[in-house]
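Here's the structure we're looking at; comments come further down.
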Amino acid sequence: MYTEEVMDHFQNPRNMGEVEDADGVGEVGNPSCGDVMRITIKVDNDERIEDIKFKTLGCGAAIATSSIVTELAKGKKLEEAQEISKKTVAEALGGLPPQKMHCSNLASDGLRMAIDDYHAKHPAESK
Ligand code: FES
């Protein structure tokens, strides 16, 4: 029921852990299943995500979507990274079973929260 990409990211998650001295932190929980994820980002002077890591306590799809979201966001400007939606995440994984689509919310919401947190902590640097 899962694509090869999902299985690969689930079995070999990329960028797992926590960025040191994070510039932004996003923490989200999925009320329907109780799974939680935390995303930490490091942002350079050019407002580009230079490092990003995740910690997810959740199902296989939540881990795979967290992993791919870090790959999609790494190196992107904040404004581009903000556009990463649950659809982008699911597409990058070659699709998710319909009953698992809600799991991809966790990853895109977590990323957006980390970016919002960065803007809240660095008002002078944000537009
Ligand atoms: Fe909880 Fe997938 S079942 S995030």
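Read the figures in this text as sums done on the coordinates, not as results from a lab. Owing to the predicted nature of the structure, the values given are computational and were not obtained by experimental measurement. In this analysis, Cβ positions are derived from the backbone assuming ideal geometry, glycine residues included, and neighbour counts consider all displayed protein chains.
The residues on offer are T40, T88, and the sole one that is away from the ligand (no atom under 16 Å from the Cβ), over 24 Å from A124 (Cα atoms) and among the hydroxyl-bearing types (S, T, Y) is T88. Note on region 62-84: among residues that are away from the ligand (no atom under 16 Å from the Cβ) and in contact with a Ser or Thr (Cβ under 9 Å, 6 or more places away or on another chain), the one that is nearest to N45 (Cα to Cα) is L78.
State whether one or more residues within region 93-101 are within 11 Å of the ligand (Cβ to nearest atom), touching a residue at least 24 places away in the same chain (Cβ under 8 Å) and either assigned to a helix (DSSP H, G or I) or within 15 Å of I39 (Cβ to Cβ) (or both). Yes - at least one qualifying residue is present in region 93-101. Whether any residue in region 105-114 is within 13 Å of the ligand (Cβ to nearest atom) and hydrophobic (A, V, I, L, M, F, W, C) is what I want to check. The answer is yes, given that some residue of region 105-114 is within 13 Å of the ligand (Cβ to nearest atom) and hydrophobic (A, V, I, L, M, F, W, C).
Within region 6-37, the set of residues being surrounded by 15 or more Cβ atoms within 10 Å (Cβ to Cβ) and more than 16 Å from the ligand (Cβ to nearest atom) comprises D8, R14, N15, V19, A22, D23, G24, V25. Per the listing T56, T40, T70, the residue uniquely under 13 Å from the mean Cα position of the chain (by Cα), farther than 26 Å from Y2 by Cβ and buried (at least 19 other Cβ atoms within 10 Å of the Cβ) is T40.
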